[in-house]
Amino acid sequence: QVARKSLAHVGAVARLWLVVYNAVQTVGWSYVLLLSARHVVQTLSSASWYEGVYGVAEDPLKLLVLLSYFEVLHAAVGIVPSSAVQTAEQVSARAFMVWGVAHLVPKVQTTMYVPMFIVAWSVAEVTRYPYYFTTLLGVKSGVLLWCRYTFFIVLYPLGTLTEVLTMYSALGPVKEGELHLAGIPASLQGAFQHYYHFLAVVLLAWVPSWWTIYTHMFRQREKMLRIPEGKKE
């Protein structure tokens with residue numbers, strides 16, 4: 001996680017940490033993508049090929065979304081030029097999908113929607129984090145730059161759509177009280193009696209919010225892929 005314009009003021013220790021962090025995320029998301037792809041290839045002949053994707057990717061996926069909260073800290077202390085609030089919103093959205101929906105509502109784990117957003121996230125991150133990693137090392141890659149600011153055109157709507165469908169699929173089981181509350185103190189489990197209404201509100205808020213982010217990403221794409229005047233023919 002870093003932007004090119006931030007490199008000038010990043011100290012040696014902070015830069016080293018960002019290199020390590022982005023390397024870990026690169027390896028982690030590559031592993032999630034590999035596990036998912038391997039499972040699909042091995043079970044493609046079955047009509048339920050998608051049902052086990054979450055199961056094989058669950059542990060590294062849960063860890064990676066929690067590690068992503070470091071990005072909020074990076075923004076808050078100023079070693080990257082991102083907004084801490086916006087970063088927290090984006091990271092928390094993924095954490096909610098993994099921990100607040102897929103983990104809490106086991107029935108959605110075997111739907112087609114969960115594997116689709118896992119793959120969409122993974123493909124996006126195996127281009128985003130390597131781009132940040134190479135930028136920190138002073139290596140310019142036109143391919144990674146293009147992938148970083150182009151793949152989202154398809155991946156972001158796909159991810160958003162399948163996240164929405166996952167939450168919608170979870171409403172029925174949640175209404176029936178089919179929640180996985182193991183590990184949550186008994187004194188707190190009572191709060192989940194209102195989880196259906198909470199999830200419904202989140203779902204309604206999810207739909208309109210994506211367009212603002214999507215159009216912002218297009219503006220970023222235009223800025224990052226713009227050809228300098230001196231290089232135009």
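Observations on the model:
- Backbone HN-Hα couplings from phi across region 121-126 [Karplus 6.51/-1.76/1.60, Hz, Gly and Pro as x]: 4, 5, 4, 4, 7, 6
- Share of Cα-Cα pairs in region 49-158 lying beyond 22 Å, as whole percent: 40 percent
- Length gained on full extension, Leu181 to Met224: 11.0 nm, using 0.36 nm per residue less the C-alpha separation.
- For region 34-191, the Cβ-based charge dipole about the Cα centre amounts to some 340 debye (Lys, Arg positive; Asp, Glu negative; other atoms uncharged).
- Taken per residue, the accessible surface of the chain reaches 54 Å², heavy atoms only and a 1.4 Å probe.
- Percent accessible area from carbon and sulfur atoms, region 110-231, protein chains only, probe 1.4 Å: 68 percent
- Here region 27-95 exposes an accessible surface that is 62 percent carbon and sulfur, computed with a 1.4 Å probe and the other protein chains kept in place.
- Here the Karplus curve 6.51 cos²θ - 1.76 cosθ + 1.60, taken at θ = phi - 60°, turns the phi angles of region 65-76 into couplings of 5, 6, 4, 5, 5, 4, 5, 5, 5, 4, 5, 5 Hz, with x standing for Gly and Pro.
- Inverse of mean 1/r across different Cα pairs in region 137-233, Kirkwood, Å: 17.1 Å
- With the alpha-carbon atoms of region 94-169 aligned to their principal axes, the span from lowest to highest coordinate is 45, 21, 15 Å, starting with the largest.
- Only one item in [x] 13.1; [y] 16.8; [z] 15.2 matches mean projected area of the Cα convex hull in nm² derived from the coordinates shown, and that item is [z].
- Per-peptide average of other Cβ atoms within 10 Å, ordering 121-127, 108-114, 63-69 highest first: 121-127, 108-114, 63-69
The values are calculated or read from the model by the stated rules, or taken from the named source; none is laboratory data. Just so you know, these numbers come straight off a predicted model, no measurement behind them. Don't worry about glycine lacking a Cβ; one is built from the backbone with ideal geometry, like all the others, and counts go over all protein chains shown. SASA here: full protein model, heavy atoms, side chains in, ligands and nucleic acids out. Shrake-Rupley method; radii C 1.70, N 1.55, O 1.52, S 1.80 Å.
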